[in-house]
Amino acid sequence: MRHVPWRAWPACLVLLVPGRVLASDTWTEVRSPHFTVATDASEKDARRVALQFERIRALLGGEFGWARLDPSRPVTILAVRDEKGMKALAPERWEQRGAEHLAGLFMATPCRNWVLVRLDLVEAIRDVGFRENPYRTVFHEYVHLVLHQNFKVLPVWLDEGLADFWGNTMIRDGRVDIGVPIPEHLLVLRSHTMLSVKQLLAVTRRSPEYTRHGAAGIFYAEAWALVHDLAFTKPAGRLNRFATALGQGKPAAVAAEECLGTPEALERELTEYVRRSAFYYHPRQLRLDVDEKAFTSRPLPVAESLTVRAAFHAANRRPVEAQALAGQALALDPQLAAAHEALAYAAWSFGDWKQTLREAELATALSGASDYGHYLHGLALWHEHALWRYGQDRASLDAVVACWRKATELNPDYAEAYSMLATAMASRGDPLESSLPLAVKAITLEPAELRYILNALRVGAQGGEAAAAREKAQQMLALATDAEDRRQIEALLRDISEPEERRAGAPARP
């Protein structure tokens, strides 16, 4: 599971103990065309949150008309009324001494993309007219989703800088403020030694400047400042030219010097920029095209509200809480497939593939099983029967293929399911012309995922194109700068260089 960085909104700290979620809690669900909101507050609150997210999506769609906006995993927003609700769903923030309270967080997980928003802080900030944006954390991560679906390669500074630039968008009725300055970033940059621009442009996701807590604050602030500078300072269009050059395959360092300027010139420009006393942003009178009449709402049955929270806990690696809530849900409604899916995911968190398989089988035997339920069922079979090894049985492989094919039928944009379906089909000896297009489909849906590219090469090698796969992998290795990327590519090269009968399809994370 990939955990994205969380940003916290400071508030006064108090000592609390984990709260107990009661089965009598009343929850409401609002569905907009692209988001689902579940809340323990009012329907009006849920509609307001859904509207904010539909508007940021519409804004990005208008600015980037070429972009694919919707991820392969659905976006579910849990909008809780207050601190008690936040603590029940994210207790780790209160278990860590000195941790800051949250207004919102985001998790991209295999089952869905989760957003958690605390409504009382949203309302307090809005009512007193502060310039802080209570949606900044989750808007930031939603921008990441859009970027990663549309760019194969994106330097870390640009990825994080754009996410902060667009994530701090202020949206009100009829008005949108784009590129609103972030005071805390400016404070960091003015009170700490900045990275050189050459260092900034070279940062990877495993660099200490990105991974160490204190250093990461400087990196995020400087990445935002450079994007803000390039967006508002002449000559205009530098960011667009840089993105185009990256899309054409130019190395990031070469593209930066050609399109943005030399590191030395950029450093002088950025140093002067962060010392300014005033900063531009784009205020627009803009009515975003969102049809609120298309939103639907319903009271959530208690079993379903328990299940959605159980699924969140499972995704957040809190299997004990997930099992407790899913168990309550099944006591109320034994035919609830989603509750079994949550239990399957929780069992996977323990590394218990037998229990994962049992719960996934129960889920997919019921009506209402999701694409993820079928995917997890196939993955449990894949692991439990060790189907990536030589000499696997055909019947089990056929069952896995059926599970993953069903997942893609339920969700035609499910990249992970396409990639693993291609692996299973290659493992049972299906023709390359039927398996490889599925692996390529996964890359098309999520071009930034290296593992999908490597899996397509592995499928090609299994289908008789080992020489071509090795040549492509060697080209990728020559261009790779990230140590972990190089490790994965080297592992693939070793794998596809072995004799045919020893090749292994790499099992995926659920």
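Computed from the coordinates by the stated procedures, all read-outs in this text should not be read as laboratory data. In this text, all values refer to a predicted model and were calculated from it rather than measured experimentally. All Cβ positions, even for glycine, are placed from backbone atoms using ideal geometry, and neighbour counts span all protein chains on display.
The table below lists the values:
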| item | result |
| --- | --- |
| Loop sites in the stretch 206-260: trypsin sites (Lys or Arg not before Pro), DSSP, at most 15 other Cβ within 10 Å | 206, 212 |
| Cα Rg, Dmax (largest Cα-Cα span) when computed across the stretch 384-510, Å | 13.9, 42 |
| Built amide H within the under 5 Å cut-off of residue 75, gap 5+ | 36, 113 |
| Estimated 222 nm signal from helices in the chain, with DSSP H stretches of n ≥ 4 weighted -39500 (n - 2.57), rounded to 500 | -17500 deg cm²/dmol |
| Principal axis dimensions, the stretch 181-280 - Cα atoms, whole angstrom, descending | 37, 33, 21 |
| Volume per residue of the C-alpha convex hull in the stretch 122-250, rounded to whole Å³ | 138 |
| Cα centre as origin, Lys/Arg/Asp/Glu Cβ charges: the stretch 384-510 dipole, Debye | 140 |
| Under the span-like rule (Cα at least 27 Å along the axis, Kyte-Doolittle mean at least -1.0), DSSP H helices of the chain | 43-63, 213-232 |
| Ordering of 48-58, 424-434, 458-468 by packing [mean C-beta count within 10 Å, highest first] | 48-58, 458-468, 424-434 |
| Separation in nanometres of the label points that stand 7 Å from Cα toward Cβ, at residue 494 and residue 298 | 5.1 |
| Which listed pairs, of 354/406; 293/441; 84/293; 198/250, have C-alpha distances above 26 Å, in listed order | 293/441; 84/293 |
| At most 15 other Cβ within 10 Å, DSSP loop - chymotrypsin sites (Phe, Trp or Tyr not before Pro), the stretch 233-308 | 280 |
| Distant alpha-carbon pairs in the chain (separation over 43 angstrom), percent | 19 |
| Low-density loop cleavage sites - chymotrypsin sites (Phe, Trp or Tyr not before Pro) in the stretch 177-228, where at most 14 other Cβ are within 10 Å (DSSP) | none |
| For the chain: relative contact order, % (alpha-carbon pairs under 8 angstrom, 6 or more apart) | 12 |
| Straight-distance crosslink candidates among aspartates and glutamates, where the alpha carbon sits under 13 Å from residue 234 and sequence neighbours closer than 8 are dropped | 269 |
